[in-house]
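Q: Below is the structure I would like to discuss, written out as structure tokens.
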Amino acid sequence: MAAREMILSAAVCLCSIAAVRLMDLYWDSPSPGPHWMEQESGPALRASCSGHGRVFNDGSDLACECSDCYTGVNCSELQHGCMVDADAGDPTFLEPFWMEHGADAGVFMPSWYRMGYSVKKKGSSPAHKELPLVYVIKELEDSIRELHELVGNAVVKDKYLVIGTGSMQLVAAALNALSDSFPEKPGAVVTRAPCYMIYKLQVDVLSSSKFQWGGDAVAAFEKKAFDPSSVVELLAAPNNPDTSILEPVYKGTNAKIIHDKAYYWPHYTAIAGALDEDVMLFSLSKTTGHAGSRIGWALVRDIEVYKKMFMYIAVSTIGVSRESQLRAHRLIKSLLDGYQNGGSHKARMFDFGYHTLQSRWQTLAEIFKASTRFSIQKTDSQHCSFFKKEVSPSPAYAWIRCEQEEDCHSIFAAAGINGRPGRAFGVSNRYIRLCMIKRDDEFELLAGKLQALVDTELTNE
């Protein structure tokens with residue numbers, strides 16, 4: 001009998017050790033490491049695709065997914081006359097960094113990982129105590145706060161954190177929360193042109209008795225079209241598309257501003273200091289480049305606004321995917337490790353991203369320097385508190401103006417370049433936005449076609 005009990009005790013002990021080891025593999029202990037990475041992603045990493053594609057292990061047969069304008073089994077064939085896509089804003093310029101440093105950020109996920117709707121309130125934010133359920137993994141909240149403290153781009157002390165399915169869900173949640181206090185309804189949602197017109201599309205979809213789209217912020221303010229206390233202003237800075245840093249049009253104690261800070265990171269712009277606004281939105285897609293994970297977060301000052309935003313997300317999607325939250329935590333933790341604990345300079349993501357975009361901007365600036373037909377946005381070197389030095393421009397987008405009365409989008413399309421036209425940002429088609437944050441080979445094709453376009457202009461003068 002004693003022998004049987006000893007055997008059972010040993011078995012229980014071994015099972016417990018195995019369970020703890022599984023927990024170690026996917027939670028806040030050391031990452032699964034290179035052996036796990038090799039097993040799961042080795043074939044995909046070894047597939048060269050001629051340097052013009054990627055293999056993704058989605059569970060089916062491994063095949064190359066080619067970059068724009070490349071085709072063939074291994075993406076070795078360049079399609080001559082192909083239209084280069086500079087419209088979409090996929091931040092794949094960071095792929096090489098994560099392919100090199102991916103093991104530390106990888107995620108091992110057992111089939112039983114967080115199957116329930118909610119998360120236990122272990123050491124959660126004090127604000128969570130007033131809410132019926134918690135949908136945010138505490139480790140993700142902690143890593144996000146630590147990231148902002150490292151970069152110095154936002155004040156996190158005395159702020160509540162809301163996690164959403166991308167920043168667009170957070171825009172909807174913030175609009176719903178802020179419009180509750182409108183003295184006149186429906187109120188207005190405004191932004192300054194040129195602007196990210198997805199805002200308008202979203203407001204049109206959500207349009208209700210509480211708020212409607214109010215158009216350009218400057219025009220609305222000058223015409224006194226709305227009661228200022230019944231207005232929410234959406235303000236992106238750096239702005240999409242022209243990357244400018246703008247101030248709110250509506251100011252004062254009653255002003256309700258949603259600050260979209262998706263691009264306020266050191267690989268896109270110089271960090272001037274830690275912002276301390278009432279509602280600030282950020283996204284994983286523009287921070288680490290992982291747009292497909294659909295993770296965004298808001299830093300909110302007022303607890304009532306926080307609770308309303310939380311409840312909006314709870315009701316609309318019953319929280320945010322825990323798998324995506326875990327991946328986001330791993331990525332941010334890996335990013336932090338590159339700058340802490342004696343991390344290698346090679347493993348510093350913001351440095352990699354900045355140098356990549358700064359080099360691309362220099363290339364475009366050199367191409368357009370000789371042109372009188374086209375001009376790009378004016379940018380200057382600025383001191384960056386994160387890098388602790390003056391940095392050259394490294395914008396995510398080129399905002400190009402056709403100096404003559406021309407349809408810029410049509411001109412660039414004829415040259416084999418598909419950009420996003422000015423009308424998509426609330427201005428005329430004398431402007432076009434070109435994406436700078438795609439893969440290296442796609443940017444090289446774009447630069448080549450731009451050079452040919454400018455060369456044609458110079459030849460015809």
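The values are calculated or read from the model by the stated rules, or taken from the named source; none is laboratory data. A quick note: this is a predicted structure, and the numbers were derived from the prediction, not measured. Note: ideal-geometry Cβ built from the backbone for every residue, glycine included; neighbour counts use all protein chains shown.
Q: Checking Glu304 against (1) modelled with pLDDT of 95 or more; (2) assigned to a loop (DSSP other than H, G, I, E, B); (3) not hydrophobic (A, V, I, L, M, F, W, C), only one condition comes out false. Which one?
A: (2)
Q: Run Ser359 past the list (1) closer than 30 Å to Glu149 by Cα; (2) more than 23 Å from the chain's Cα centre (by Cα) and report the number of the one that doesn't hold.
A: In the conditions (1) closer than 30 Å to Glu149 by Cα; (2) more than 23 Å from the chain's Cα centre (by Cα), Ser359 misses (2) alone.
Q: Please determine, by comparing only the residues of the stretch 383-394 that are out of contact with any strand residue (DSSP E or B) (no Cβ under 7 Å at 6 or more places or on another chain) and closer than 12 Å to Trp265 by Cβ, which one is surrounded by the fewest Cβ atoms within 10 Å (Cβ to Cβ).
A: By that ranking, first place goes to Phe387.
Q: Glu222 versus (1) at pLDDT 95 or above; (2) touching a strand residue (DSSP E or B) at 6+ places or on another chain (Cβ under 9 Å): which is the lone unmet condition?
A: Result: Glu222 fails condition (2) only.
Q: Same structure, new question: Being touching a residue at least 40 places away in the same chain (Cβ under 8 Å), assigned by TED's automatic domain parsing to the domain that holds Leu150 and over 19 Å from the mean Cα position of the chain (by Cα) narrows it down to one of Met309, Met280, so name that one.
A: Working: Met280 fails: over 19 Å from the mean Cα position of the chain (by Cα).
Criteria check complete, one pass: Met309.
Q: Shifting gears a bit: Inspect the stretch 182-193 for any residue being modelled with pLDDT of 95 or more and assigned to a helix (DSSP H, G or I) and give the result as yes or no.
A: no
Q: Considering the stretch 194-230 alone, what residues qualify as being part of a helix (DSSP H, G or I), among the charged types (D, E, K, R) and either surrounded by fewer than 16 Cβ atoms within 10 Å (Cβ to Cβ) or touching a Lys or Arg at 6+ places or on another chain (Cβ under 9 Å) (or both)?
A: Answer for the stretch 194-230, where residues must be part of a helix (DSSP H, G or I), among the charged types (D, E, K, R) and either surrounded by fewer than 16 Cβ atoms within 10 Å (Cβ to Cβ) or touching a Lys or Arg at 6+ places or on another chain (Cβ under 9 Å) (or both): Asp204, Glu222, Lys223.
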